[in-house]
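The values are calculated or read from the model by the stated rules, or taken from the named source; none is laboratory data. Keep in mind the model is a prediction, meaning the values are calculated, not measured. Ideal geometry is used to build each Cβ from the backbone, glycine not excepted, and the neighbour counts take in all protein chains shown.
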Amino acid sequence: MAKKKTVYFVTGCAGFIGFHVCKILLEKNYKVIGIDNINNYYDVDLKINRLRILKRNKINFKFCKVDICNFKKLEQILIKLDKFKVIHLAAQAGVRYSLKYPKAYIRSNLLGFWNILELSKKYKAEHFIFASSSSVYGENKKIPFNENDSTDNPIQLYAATKKSNEVIGYSYSSLYKLKITALRFFTVYGPWGRPDMAIFKFTKNIINNKPIDVYNKGNHYRDFTFVKDIAKGIILASFRKDKKNFQIFNIGNGKPVYLKKLIQILEAILKKKAVKNFLPIQKGDMKSTYANTNKFNTTFKGKFVSLKTGLIEFVNWFRDYYEK
Ligand SMILES: NC(=O)c1ccc[n+]([C@@H]2O[C@H](COP(=O)([O-])OP(=O)(O)OC[C@H]3O[C@@H](n4cnc5c(N)ncnc54)[C@H](O)[C@@H]3O)[C@@H](O)[C@H]2O)c1
């Protein structure tokens with residue numbers, strides 16, 4: 001009898017990173033059950049159009065519109081699964097939004113996270129992989145950020161929820177021997193990107209001759225990471241072979257640039273000068289992010305494209321999606 005293949009249960013499948021993860025899994029012929037509540041934090045059409053692409057695979061992709069805060073509905077799906085791995089990406093993302101709408105973060109990132117974790121334990125997931133964030137490094141002054149550095153000083157609620165996820169995850173791995181991997185992503189960009197993020201906003205405004213808001217005179221230092229590299233990295237991590245129940249990995253490019261440099265590269269690709277509206281640093285913003293990638297790269301042999309290559313692919317997608 002043929003061996004039953006593991007099913008991937010992906011939360012946040014209509015989101016930016018979730019879409020790319022599902023797409024690669026489907027290309028590799030895995031069965032994927034994707035869930036998302038398609039909330040309106042940003043343009044819902046973008047989420048629906050990502051889903052439309054995934055739904056083309058009628059054999060291996062199944063979508064359920066579910067909120068991760070609805071334990072009962074989640075259980076109805078997970079109870080039916082035999083061998084499965086969980087890739088938990090659904091969350092309230094964004095740093096600035098957390099200053100205005102803190103409750104959304106408590107709801108999805110704490111209660112929703114716990115629901116998925118508890119059900120992963122109850123129905124014996126083979127592996128629970130989830131999205132943490134470079135924001136957990138908070139006030140850490142030492143760069144590059146190493147997985148062992150202190151994360152005791154998050155500077156906004158979003159980061160605090162991600163740090164909590166890591167701590168709660170650790171306790172479950174220890175109590176119930178559930179295999180858990182926390183992945184700290186560093187500023188992700190690329191095709192099908194999030195409209196609330198800098199690269200998306202800059203590209204849109206430069207193309208439309210509108211000014212771009214540049215905080216802190218462009219002196220933020222960011223480790224921009226291409227979404228397809230992140231998605232491949234998540235899938236590689238889902239095959240983690242070591243015996244440790246709980247592991248944390250940075251997934252970042254490891255080559256940070258100043259925001260002002262990023263703007264120059266974008267201007268060159270778009271062949272247009274940006275009109276810059278300089279603004280002071282925002283509350284809760286980290287001045288720099290920089291991943292030490294040794295742990296991830298030695299374990300998984302991760303590969304990362306250059307910022308210029310990734311930006312060209314993003315701009316090509318942007319023009320194709322919005323201008324045709
Ligand atoms: N994009 C980045 O730069 C970045 C960096 C670090 C960490 N992360 C983390 O990676 C994950 C994916 O981020 P993304 O950039 O793809 O964001 P995204 O907002 O595009 O995707 C998240 C998806 O989850 C869904 N979702 C949110 N709350 C939900 C709920 N209560 N129930 C069901 N679905 C819900 C949303 O509708 C969305 O489609 C998030 O956990 C985020 O915090 C992202």
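Summary of values
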quantity: Qualifying residue in segment 91-99 (condition: more than 26 Å from LYS232 (Cβ to Cβ) and hydrophobic (A, V, I, L, M, F, W, C)); calculated: yes
quantity: Residue match in segment 233-249 (condition: closer than 17 Å to LYS179 by Cβ, among the hydroxyl-bearing types (Ser, Thr, Tyr) and in contact (Cβ under 8 Å) with a residue 24 or more places away in the chain); calculated: yes
quantity: Tally, over segment 102-136, of residues that are touching a Lys or Arg at 6+ places or on another chain (Cβ under 8 Å), more than 9 Å from the ligand (Cβ to nearest atom) and of a type outside the set (A, V, I, L, M); calculated: 3
quantity: Among the candidates LYS232, LYS271, LYS303, residue that is surrounded by fewer than 19 Cβ atoms within 10 Å (Cβ to Cβ), at negative phi and either touching an Asp or Glu at 6+ places or on another chain (Cβ under 6 Å) or charged (D, E, K, R) (or both); calculated: LYS303
quantity: Candidate set: segment 40-50, residues that are without any contact (Cβ under 8 Å) to a residue 40 or more places away in the chain and near the ligand (Cβ under 9 Å from one of its atoms); chosen: the one nearest to PHE19 (Cα to Cα); calculated: LYS47
quantity: Long-range neighbours under 9 Å by Cβ, at least six apart or interchain, first residue of a type in the set (D, E, K, R) within segment 51-64, second not in a helix (DSSP H, G or I); calculated: LYS55/PHE61; LYS55/PHE63; LYS62/LYS31; LYS62/VAL32; LYS62/ILE33; LYS62/GLY34
quantity: Segment 121-161: number of residues that are in a loop (DSSP other than H, G, I, E, B) and small (Gly, Ala, Ser); calculated: 3
quantity: Which numbered condition LEU259 fails, given (1) over 30 Å from LEU175 (Cα atoms); (2) in contact with a strand residue (DSSP E or B) (Cβ under 6 Å, 6 or more places away or on another chain); (3) not polar (S, T, N, Q); calculated: (2)
quantity: Complete set of residues in segment 162-201 that are within 14 Å of the ligand (Cβ to nearest atom), of a type in the set (Ser, Thr, Tyr) and in a helix (DSSP H, G or I); calculated: SER164
quantity: Number of the condition not met by LEU111 [criteria: (1) without any contact (Cβ under 8 Å) to a residue 60 or more places away in the chain; (2) within 24 Å of THR225 (Cα to Cα); (3) among the hydrophobic types (A, V, I, L, M, F, W, C)]; calculated: (2)
quantity: Residue in segment 223-230 that is aliphatic (A, V, I, L, M) and in a helix (DSSP H, G or I) present; calculated: yes
quantity: Filter result (modelled with pLDDT of 95 or more and either more than 19 Å from THR181 (Cβ to Cβ) or of a type in the set (Val, Ile, Thr) (or both)) within segment 139-149; calculated: PRO144
quantity: Pairs, first basic (Lys, Arg) in segment 179-193, second in a loop (DSSP other than H, G, I, E, B), C-beta under 6 Å, six or more apart; calculated: LYS179/ASN245
quantity: Pair list, Cβ < 7 Å and 6+ apart or interchain, from segment 150-161 residues that are free of Cβ contacts under 8 Å to residues at least 60 places away in the same chain to residues that are surrounded by fewer than 22 Cβ atoms within 10 Å (Cβ to Cβ) and charged (D, E, K, R); calculated: THR151/LYS163; ASN153/GLU139; PRO154/LYS163
quantity: Conditions (1) in a loop (DSSP other than H, G, I, E, B); (2) in contact (Cβ under 8 Å) with a residue 60 or more places away in the chain; (3) not hydrophobic (A, V, I, L, M, F, W, C): number failed by TYR8; calculated: (1)
